[in-house]
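Read-outs throughout are calculated quantities, based only on the coordinates presented, and are distinct from any laboratory measurement. Being a predicted model, the structure only gives us computed values, none of them experimental. Positions of Cβ are generated from backbone atoms using ideal geometry, with glycine treated the same way; all protein chains shown enter the neighbour counts.
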Amino acid sequence: MSKMIQPKHSGKILILSAVVLSIAAYFIFPAFRNFIDATISAFASGDFRVMRDFVAEYGAYAAAVSFFLMIFQSVAAPLPAFIITLANANLFGWWKGAILSWSSAMAGAALCFCIARVLGRGTAERLTSKAGLQYIDEFFQRYGTHSILIARLLPFISFDLVSYAAGLTSMNFWPFFIATGIGQLPATVVYSYVGGMLTGGAGMLMTGLLLLFALSALIVLIRQMFRERKKN
């Protein structure tokens, strides 16, 4: 899995054009700018209820907005995906929310894979972190062809980092996509089932525990990378 893929010129132009248009739209159209600012604010709150209320404001378009938010957080890897998963379950019901969260996460994973494959490692490192990608590279070398499935089943490994890192290898898209779909399904179902029942103080407690878990996983990752670098 260590062989690198050269970025495709046409795909690079397409992605860069989309980025330029998005940036231009942010500064030209106030409604789009307000939507992006509100999206970032909802994520920054760390509260799935804030996210739920934000999505619910769009009425008939709520599911489409949620789908976009999941893709948005996938590209901006540090943003927590579980907040959307909990919000979807609480707003749409646990099984409808699970389907929405699973399908949108799949779309986000595919986009991250394609961005890394087309634009290369430099872009992936800017969107995530150099140290994080190095850790996933070592994980891939350790577990070989089953790396994606194993990584998707382990909640302390960043979903989006794995997607970006996979795009930098010689792995074909469809094996990556299928392994992602199978591996992420159990966690999505569990989060959605729990999220559908959360109210009041229980909701705050669950969100706080998940944030604490995510922070702990990040600390463990940094600590392990520091030890390996010191050893080398």
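Figures for the structure shown
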| read-out | value |
| --- | --- |
| Length released on extending from ASN172 to HIS146, taking residue separation times 0.36 nm less the Cα-Cα span | 8.0 nm |
| Pairwise label distance in nanometres, ALA18 with PHE156, each label 7 Å out on the Cα-Cβ vector | 3.4 |
| Residue order, fewest to most beta carbons within 10 Å, for VAL75, VAL190, VAL118 | VAL190, VAL75, VAL118 |
| R0 of 25 Å, Cβ-Cβ distance ALA60-ILE28: FRET efficiency to nearest 0.05 | 0.45 |
